[in-house]
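This report refers to the structure that appears directly beneath it.
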Amino acid sequence: MYKNKAQRPTWAEINLDNLAYNFHSVKEFIGNKIEYMAVVKADAYGHSAIECAKRLENEGIDWFGVALPEEGFELRNNGITKPILCLGGFWSGQETLLLENDLTPVIYQLDLAEQFNKACEKKGLASNVHIKIDTGMGRIGIRFDQIDDFITGFKRFDNLKIEGVMTHFASADNLSENNFTNLQIQRFEDAVNIVEQNGFYPKYKDLANSPGAIAHENSRGNLIRLGGILYGLGGDVLPREIAIPKLKPVMSVYSTISLLKTIYIGDTLGYGRTFRAKRKSLIATVPIGYQDGFARNLSNHGKVLINGVFAPVVGTVSMDWIIIDVTDVPNVKVNTEVVIIGNCNGCSILAEDIAKQLKTISYEITCGINRRVVRKYVGSQKK
């Protein structure tokens, strides 16, 4: 149990040993003949990008992926040396910062490629870039049927080298969408052929995200982007119909009971008085709320674990507090530990379980655990 008298007793435990286990489990499942990128965007899906990246670098990861250059700057400022790919590209004015921090941008707009090329010229440098093909996600990237025009325009950038070509799957996790996934793979291969026919020979052919890497062997290319499965979040993003690598959850979230009180039949609780007692009840107040990632939509139907017993959330979840009915929980006291995500006496609450209640995915749950929730790290940074 985490004890720090100077801070609120609500914390997230990040198990770096489980993170390393997941990485090696995936490598064993897929093989060692390709390179692996750890996607640590969004603060490593809420798990702390710096600490996770340090451990993964020690474990032999080949690349890191971030959404924003700012995330890459943070990694470099904390000693990360492996290649970093800015998956979302960059914004005008960030070109020199990319070079100064040795970040590789994803490129899909000729105007930004031109700005980056000019920054390279000024510094007398040549820089690698990866280009992104939109094969059907419809978000960012060069449309698969416009790659000819893009490559023709790109040829004028003497200081840029196409090191990689990538795409992103729309529904690789859904086996009923295999035809569309295979269409995306074919579109990607056609685009790579056009790139090569124009005299560019990218080292990396990068298609597969976590579900792509596990469910679609023909999508693995030679660089795989590992996201949620690194953090043990496979239960709702990997198809259930196929074999998958063994994974361990990396994040657990805990709090403690701050106050106990007895209420009586007819008493109401919380904003809007949405809970009315039907019996004499023992009520616990716990210092975690929707600002911390405990969603307001869990009001009156969420649950926590206390002393190995599931206890229901009652009343409306507020910004900083939740209210729990602990009438049926044995040996409950002030300062008793409360499991929000994690295991207790053979019972568990997974991020996937909460996501299912909220009709979302586990990524959103862990990303939502706010930074004001103190992180405690389990496991060494060394191998």
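Some observations on this one:
- Filter result for the condition that a residue is under 21 Å from residue 28 (Cα atoms), of a type outside the set (Lys, Arg) and touching a Phe, Trp or Tyr at 6+ places or on another chain (Cβ under 8 Å), over 226, 238: 226
- In the stretch 192-270, counting only strands (runs of 3 or more DSSP E) that sit wholly within it, none holds 3 or more residues that are surrounded by fewer than 21 Cβ atoms within 10 Å (Cβ to Cβ), of a type in the set (S, T, N, Q) and touching a residue at least 40 places away in the same chain (Cβ under 8 Å).
- Residue check for residue 360: free of Cβ contacts under 8 Å to residues at least 12 places away in the same chain, under 29 Å from residue 237 (Cα atoms), outside any strand (DSSP E or B) and among the β-branched types (Val, Ile, Thr): yes
- Residues located in the stretch 313-330, provided they are in a strand (DSSP E or B) and hydrophobic (A, V, I, L, M, F, W, C): 313, 322, 323, 324
- Number of the condition not met by residue 375 [criteria: (1) of a type in the set (D, E, K, R); (2) closer than 23 Å to residue 56 by Cα; (3) surrounded by fewer than 16 Cβ atoms within 10 Å (Cβ to Cβ)]: (3)
- Flag if residue 169 is assigned to a loop (DSSP other than H, G, I, E, B), in contact with a helix residue (DSSP H, G or I) (Cβ under 6 Å, 6 or more places away or on another chain) and more than 26 Å from residue 18 (Cα to Cα): yes
- Test for residue 44: is it in contact (Cβ under 8 Å) with a residue 24 or more places away in the chain, among the aliphatic types (A, V, I, L, M), out of contact with any His (no Cβ under 9 Å at 6 or more places or on another chain) and surrounded by 23 or more Cβ atoms within 10 Å (Cβ to Cβ): yes
- Hits in the stretch 356-367 (condition: surrounded by fewer than 19 Cβ atoms within 10 Å (Cβ to Cβ) and within 14 Å of residue 252 (Cα to Cα)): 367
- Residues of the stretch 337-355 satisfying the condition of being over 24 Å from the mean Cα position of the chain (by Cα), surrounded by fewer than 19 Cβ atoms within 10 Å (Cβ to Cβ) and free of Cβ contacts under 8 Å to residues at least 60 places away in the same chain: 345, 346, 347
- Under the condition of being under 13 Å from the mean Cα position of the chain (by Cα), surrounded by fewer than 23 Cβ atoms within 10 Å (Cβ to Cβ) and of a type in the set (A, V, I, L, M), the residues counted in the stretch 47-61 number 0.
- Within the stretch 170-191, restricting attention to residues that are out of contact with any strand residue (DSSP E or B) (no Cβ under 9 Å at 6 or more places or on another chain) and of a type in the set (A, V, I, L, M), the residue that is surrounded by the most Cβ atoms within 10 Å (Cβ to Cβ) is 172.
- Looking across the stretch 8-41 at every residue that is without any contact (Cβ under 8 Å) to a residue 40 or more places away in the chain and in contact with a helix residue (DSSP H, G or I) (Cβ under 9 Å, 6 or more places away or on another chain), the one that is nearest to residue 369 (Cα to Cα) is identified as 40.
- Within the stretch 282-312, if we keep just the residues that are of a type outside the set (A, V, I, L, M, F, W, C) and not in a loop (DSSP other than H, G, I, E, B), the residue that is surrounded by the most Cβ atoms within 10 Å (Cβ to Cβ) turns out to be 292.
Just so you know, all these numbers are worked out from the coordinates, no wet-lab data involved. Only a predicted model underlies this, so the values are computations on that prediction, with no experimental measurement involved. Methodologically, a virtual Cβ is constructed for each residue, glycine included, from the backbone with ideal geometry; neighbour enumeration extends over all protein chains shown.
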